[in-house]
Structures are given as C-alpha cells and as structure tokens.
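Working notes, beginning with the structure itself.
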C-alpha cells in the first residue's frame, strides 16, 4: 500500500473514532429551559372580578427591549394573539372582555411549605375608554402587545424575557422555507399545572408561506377574518393561541449546523383541528406592534450581539 494512502486511512480511522466518542447529538439548538420561563397563561375573570381557573384563554410570552443608553435596563412587554383580547375583531361570539388575568410562576416559592407557586396579575384591556394594548397597523395581523411594569414583573415572576435581538430580521424571515424545523411552547388547557405553570413543547416544520391573506373562521359556519399567516405542520391546540414560534436549526453545544441562528419567527394564531396544520402570524407584525408602543430610548436591534453596529 502506498505510504500516502496509509496516512489517509489512519487519519480517517482516527477522525471516525474521535467523533464517535464525542458527546454530540443533533438536537434543536435552542435553550428550551430558559424559553419555558418566558411563558405566561391568560385567563378570563368571573362575575366577582377574580381570575377563573376554569376559563383559560391561551398563552402569552414576555419580551425584553433594552435601553439604548443603558443596556442593563429594559422594558418588558407581553405578547399574545389579538383574537383573544379583541373577539369582535375576529368575528367571535364572545363578549368583549374588559379585563384578563395573567397567571405566572411566583419567584419566591417553597414546594415543601407553600400550597401554591402560582399567582395572577390583573390586566385591564381598556382605561378611560382607550385600549391599553397595541397592535400592528395591518388589520390582518393577529397580534396584541401590552407594556408591563418591568420592575414588578422581574421582582415577582419566576421567569425571563425573550430579548428582542432574538427576533428574526426581515432577511432571516425571508430565508425560512418549507420543511424548516420549528417548535412552540404554551398552555395545554387539559393540564396547566396545579402548583406551577407547566408549558408544553410542540415540534414541527414550516409547511407553506402563502403570499395572500387567509380567511379564518372563529367558529364553524361563522364570519371569517382575513389573516396573514404561515402554515406549520405542527399539532397545536386552541390553548396554544398566542404562544411563541421559534425557528430551531439543528445543532449542538450552542453551534448551529449551517442553518443560521435560532430565532423567534412568529406566534400561534389558529389551529386547523383534525389536519395537524396550524397558522402562525409572522414575526414582522410582532416587531411592528412593539415599535408602535413608542418606547422612549428603546433599542430595537435584531441580530447577533457581535454583529451589532458600534
């Protein structure tokens, strides 16, 4: 055997042996433990003005927008689907709510001593006749945004916030294509948890990105609302409405296998029950609605920190 061939074979065998011994597994390259902590559950209230555990609305998630002049400080906003807080817009027969309740995991909780580790805060949808929430300019985008008391959230909620820098840019969103892997996390109404919120993960792929609005009914044989959606091959349920959708390229140990960075690409809007297909509102409308809050000194940079312009 020629010497050069012997060297090549030895090198190949060494590399195969080395790779087989490394603890590397191709998985979704995304921090699921952190992202679960950004999830909150939304509930209706009862006639006495208290949260009603029997009336879950859906899912919301927290987003952090840092300040330009002091990146250690930030705004905190709640993101969810518009059809849950504005049923008249989506031609739903439900009464227009004035208040919803946000269920969260308490930061201070001892499972051995405390009866419950969850609590609620009240979210007024209207004050002095004016909505307290923002939405995109486009009426066919299913997004609602609330500015929260950031200090109160960070002092009381055992959670985190998705940095707005983790939102997909317009160019990144354009690169997403059919079969790209996605995942979502949100409320499972059948089991929200008793002492804590337990968000459930769902996994799937992008199915299609139509260039036109999609007519979506709220109830069978009811009126339809035109929505800008991507279709996902993922089995989401109505309680997942408002949950975040992430593009999750395969990777390991924080390294992506050539698929770009993991990003927020939208939120869950509609489940086409029985078809294993769901509709996602694209991230551009979430970003626009947050910008519409007119947050002073807000840093809206999207992208990797090392690529941020000086």
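No lab work stands behind these numbers, since they all come straight from the coordinates. As the structure is a prediction and not an experimental result, all values here were calculated from the model. So basically every Cβ, Gly included, is an ideal-geometry build from the backbone, and we count neighbours across all protein chains shown.
A few points about this structure:
- Beta bridges per DSSP with both ends in the chain, % antiparallel, nearest 5: 95
- Cα centroid separation, the range 115-129 to the range 203-241 (Å): 28
- For the chain, calculated [θ]222 nm from helices alone, where every DSSP H run of n ≥ 4 adds -39500 (n - 2.57): -4500 deg cm²/dmol
- One decimal place: the segment residue 152-residue 294 gains 49.1 nm when fully extended, by the rule 0.36 nm per residue minus the C-alpha distance.
- Amide N proximity, the range 107-131 versus residue 89 label position 7 Å along Cα-to-Cβ, cut-off under 20 Å: 123-131
- With neighbours defined as other Cβ atoms within 10 Å of a residue's Cβ, the residues 134, 278 order from fewest to most as 134, 278.
- Judged by the ratio a/c of the largest to the smallest principal axis of the C-alpha gyration tensor, the range 32-93 counts as prolate, that ratio being 1.5 or greater while a/b is larger than b/c.
- Sorted on the mean count of surrounding Cβ atoms within 10 Å across their residues, most packed first, peptides 206-219, 227-240, 149-162, 35-48 read 227-240, 35-48, 149-162, 206-219.
- Multiplying the residue separation of residue 106 and residue 174 by 0.36 nm and removing their Cα-Cα distance gives an extension gain of 20.7 nm.
- Measuring nothing but how far apart in sequence close Cα pairs (under 8 Å, 6+ apart) lie, relative to its length, the chain scores a relative contact order of 22 percent.
- Cα shape, the chain, gyration tensor, a/c 1.5 rule: prolate
- Most tightly packed first, judged by the mean number of other beta-carbon atoms within 10 Å of their residues, the peptides 167-179, 185-197 read 185-197, 167-179.
- Rounded tilt (10° steps) of 3-21 against the dominant C-alpha axis of the chain: 30
- Theoretical FRET efficiency, 1/(1+(r/R0)^6), r = Cβ-Cβ of residue 67 and residue 191, R0 41 Å, to 0.05: 0.60
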